[in-house]
Amino acid sequence: MPHAALPRLLGVLLAGGLSSRMGTPKALVPHPNGGTFLTHSLNRLRSVCANDVVVSLASNADRDQFRLPPSVTSLSDFQPALGPTMGVWVALQHAESNGYQSCLFTPVDLPDLLAGDLASLINTWREQPTEILLARQSDPERLQPLVGIYPVGYLDQIQGVVESKHRSLYRFLQSTDHRTVDLPASRLRNVNTPADRDASVDSNQPSE
């Protein structure tokens, strides 16, 4: 018997944050390994999702400012300043309209996340592709709602979160069944401020 086709997965890079604490778009911050946070994150996502990748931007973002390759589709939030849940909802709608079963989300401000971490998420998701799968930081344990895979079957529920007062994915997930994959805390470190950025550069310098 022929093997069943693998469910289609869309990689989504979340780059629509306000970056108010950084003072400049985090997507354009130089990455210690070369390029910017955006190009590094995009290459990481492409390594596991090939050409099935989009970038989620704020509603008023200028695509040209981010210097996205012409081959990469960008999505814009429908309304400004509603947080990352809006980006998740918009991406799930795009995925459903284009024949994808799920979206793999990663934010642009995780410079130490590895392609191997994303591959682990994908391999685990394929075992039960209709359930939400999230990265969970170990030591200390903490759920990461923006590093994970959301099936399009949750589209209506995510819309409900967007339209709620709190717009919190974390609160939604506390009452929703999901699975997790544990990842080291060091690889899930957010860069939100210039001090965080400088610490990231220092940690990538070779020891003497």
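No lab work stands behind these numbers, since they all come straight from the coordinates. All values reported here derive from a predicted model rather than from experimental measurement. Cβ: placed from backbone, ideal geometry, glycine included. Neighbour counts: every protein chain shown.
Numbers at a glance
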quantity	calculated
Inter-centroid distance (Cα atoms) of region 70-92 relative to region 144-177, Å	14 Å
Difference of contour (0.36 nm per residue) and Cα-Cα distance, ARG187 to ASN43	50.2 nm
Loop sites in region 77-178: trypsin sites (Lys or Arg not before Pro), DSSP, at most 14 other Cβ within 10 Å	ARG126, LYS165
Bridge type composition, the chain - antiparallel percent by DSSP, nearest 5	30 percent
HN-Hα J in Hz across region 52-65 - Karplus 6.51, -1.76, 1.60, θ = phi - 60°, x for Gly and Pro	8, 9, 10, 10, 8, 10, 5, 4, 9, 6, 9, 3, 5, 4
nm² value of the averaged projected area, convex hull over the Cα atoms of the chain	13.2 nm²
For region 139-151, 3J(HN,Hα) per residue [Karplus equation, 6.51 cos²θ - 1.76 cosθ + 1.60, θ = phi - 60°, Hz, x = Gly/Pro]	6, x, 6, 7, 6, 10, x, 9, 10, x, 10, 10, x
For VAL108, distant residues with modelled amide H under 5 Å away	LEU14
Rough spin-label spacing in nm, given labels placed 7 Å along Cα→Cβ, for ASP139 and ARG179	2.5 nm
Modelled FRET efficiency - R0 25 Å, SER74 with LEU6, Cβ distances, 0.05 increments	0.45
